[in-house]
Amino acid sequence: MASTFQYRPLLETEIRLLWIAKRREGDVLECTLRHFRLDTKPKYTALSYVWGNPDDTVRLTLEGCDFYVTRNLHQALLQVHSWDHMHTVGRDIFKTQGPWLLWADAICIDQKNMAERLREIPRMRNIYSSAASVLGWLGVYPPELPEARVAAVPGNFEEFTKDFFAIIALPWFSRVWIVQECAAARNDPILTLGRLFVPFDCLRCIYSLYAYRKEWLARPVDTGIGPVSEIRLWHQHPKRAHRIFDNHIATQDLDALEPGSTMNFSHRLNLVLKMAARAPFHSTIPHDMIYGVLSMASAGLERLPSELKPDYSQPFSNVCRSYASFIAKHTGDLSFLWRFRDDDNGSHFDRTQGKIPSWVPNFSNPAYLTSLRSKIRSKPLFSADGRVMSVEGVQVDTIYTIADHSKRLSNASGAFNPLAFRAFQIYELFEAAAAIQGITVDMILNAFLKSFENIVDRVYDQSESEVDVASVVFMSWVRKNAKETGELDFVKDENTENHSERVNLMIEKIERHLVLGGFFLTENGSIYASRWGYEAIQKSDILCFLSGAPSPAILRPNGSQYRFLNVATHFAGPRLEDIEQNASVWEDSKIFPLV
């Protein structure tokens, strides 16, 4: 239904603040809207919430006029109004005096006025940082969560872990806007679940480890590997855990986003887009994956560059191209190429027709290895129409063969064991690599497994290798496939159930790569994996180090130009060490025009 309220225009430094005057029978809230200049420092609480279903609305009155908000926002306002009458909860925690003033974007910004909406986007950080408190409304209380366990952190860590998974599965945690809303808050946001307060410090520590691993949220908690074992690891190795927190959530980078920071706008923009890419955020409108963090980069900036001004009328792919071009030109960092390429997410990002250049990232997708940075600053050149990005690079290898996971879908018994089957396929690559290099298959296998151990050892302080243990598991998969014995629960197999948590994590990572990774062999005998969520590769595609890119890119020649397809991770065989600083290698560099 249509609202009848008419907004009064905002002056340049003004914001609107909401006051809930009273609650009438039938939960109808009577509200007023007041204008304040931010430089007068009004005391207010900024709401951070999920809009919810736009078709599920509830009526309130605004200055005596009917006004409709989504049900989730209405529930939040009802809860705030109830706290307003509870001195010890409402006023002490939220530090309010006098009328409790709120800022909620759905009401305090004229959503029908596109010009006003676009003007307010760069101001979001200032609005949240100026608030006396930020209230993160997680929603009404889920019936499946016991209130006693959420109200206080229990002594049983695994019990709290179960609650944690249920809590962070709530829609609030997937909003891209929480990046700036939480980062801008003067103090930790006050998270509320119904009438209860959720400990933010506990959620922050655990969420930082899992925000970028959303597929774990669907896993059982009591598997012995994955979430519980790694969360427990945080208690056992707090210094290592802190480093992971820094690497993946970039808490050390937040200081660089303060208005007084010496970091220039282009690097700040690059940083906040990387921060948003590290977690499984999403937005109903794909443009908001960029605009939702824009104010964090533009704090203290008088005006945005013209090509970056928010414009929802532009196709999202055009917005992505403008932002990627700006970052490449002004920072020399091409790590945006490492965004996942699975574009079937409702963002209308269709590469199949050739209308979108292959190098343009979909900024609504998460990224792979956002913490890596190239030591070489790229100096790309762009065609007049902005569609061709020419980058200096070095071709280092060519794809020789690919593990074909599709050539056999079942074994003799009619069952299909993807884990054992794909391990068998990779083993065939090991044999070919050993023949090219003139070494044994065991040497290739050990190098392959050592790569996974090195990944795990970013967490574990271990000097003695356990590759031989992981080798037993891997070869059991190969033998099972060769004998066509069918399905098997490998994790609980007698050969693996008593292994250390370190080995269990190695096994889990190997499983993920076997099922999701596309392994291939290069002409010099090296084994790499391409990444799922990118474009398919084929024989004769080339591996290149591009200046400004954090790891090898897979390109496909297209006449005198190239298409960016995928990224490569080295696992075994010869590799050029420190290629970024190897001057002799870069003597053979050339320009790769990416289309």
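Here is the figure for segment 543-566: residues that are touching a Lys or Arg at 6+ places or on another chain (Cβ under 8 Å) and either surrounded by 22 or more Cβ atoms within 10 Å (Cβ to Cβ) or not in a strand (DSSP E or B) (or both) total 6. Is at least one residue of segment 377-384 of a type in the set (S, T, N, Q), modelled with pLDDT of 90 or more, surrounded by 15 or more Cβ atoms within 10 Å (Cβ to Cβ) and more than 19 Å from Glu535 (Cα to Cα)? Scanning segment 377-384, I find at least one residue that is of a type in the set (S, T, N, Q), modelled with pLDDT of 90 or more, surrounded by 15 or more Cβ atoms within 10 Å (Cβ to Cβ) and more than 19 Å from Glu535 (Cα to Cα), so the answer is yes.
List the number of the failed condition for Ala423; all other conditions in (1) in a helix (DSSP H, G or I); (2) at pLDDT 95 or above hold. Single failed check for Ala423: (2). Is one or more of the residues making up segment 49-58 under 26 Å from Ser130 (Cα atoms), part of a strand (DSSP E or B) and in contact with a helix residue (DSSP H, G or I) (Cβ under 8 Å, 6 or more places away or on another chain)? Taking every residue of segment 49-58 in turn, none turns out to be under 26 Å from Ser130 (Cα atoms), part of a strand (DSSP E or B) and in contact with a helix residue (DSSP H, G or I) (Cβ under 8 Å, 6 or more places away or on another chain). Of the residues making up segment 9-31, those that are touching a Lys or Arg at 6+ places or on another chain (Cβ under 6 Å) and under 27 Å from Leu118 (Cα atoms) are Thr13, Glu14, Leu17. Inside segment 484-524, residues that are modelled with pLDDT of 80 or more and touching a strand residue (DSSP E or B) at 6+ places or on another chain (Cβ under 9 Å) make up a count of 8.
Every residue, every condition in (1) assigned to a strand (DSSP E or B); (2) touching a His at 6+ places or on another chain (Cβ under 9 Å); (3) in the same structural domain as Thr57 (by TED's automatic domain parsing), yes or no:
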site: Ala2; (1), (2), (3): no, no, no
site: Gln6; (1), (2), (3): no, no, no
site: Pro9; (1), (2), (3): no, no, no
site: Leu18; (1), (2), (3): yes, no, yes
site: Arg23; (1), (2), (3): yes, yes, yes
site: Leu29; (1), (2), (3): yes, yes, yes
site: His35; (1), (2), (3): yes, no, yes
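Looking across segment 99-136, the residues that are outside any helix (DSSP H, G or I) and small (Gly, Ala, Ser) come down to Ala104, Ala131, Ala132, Ser133, Gly136. Does Glu181 satisfy being part of a helix (DSSP H, G or I), charged (D, E, K, R) and at pLDDT 75 or above? It is true that Glu181 is part of a helix (DSSP H, G or I), charged (D, E, K, R) and at pLDDT 75 or above.
Of the residues making up segment 37-65, just one is crowded, with 17+ Cβ neighbours inside 10 Å and either of a type in the set (Lys, Arg) or outside the structural domain of Asp110 (by TED's automatic domain parsing) (or both), namely Lys43.
Given the criteria within 35 Å of the chain's Cα centre (by Cα) and without any contact (Cβ under 8 Å) to a residue 60 or more places away in the chain, does Thr57 qualify? Outline the logic, then answer.
Numbers: within 35 Å of the chain's Cα centre (by Cα): yes; without any contact (Cβ under 8 Å) to a residue 60 or more places away in the chain: yes.
Against the criterion (within 35 Å of the chain's Cα centre (by Cα) and without any contact (Cβ under 8 Å) to a residue 60 or more places away in the chain), Thr57 qualifies.
The values are calculated or read from the model by the stated rules, or taken from the named source; none is laboratory data. None of the values given here were measured: they were computed from a predicted structure. Note that each Cβ is placed from the backbone with ideal geometry, even for glycine, and that neighbours are counted across all protein chains shown.
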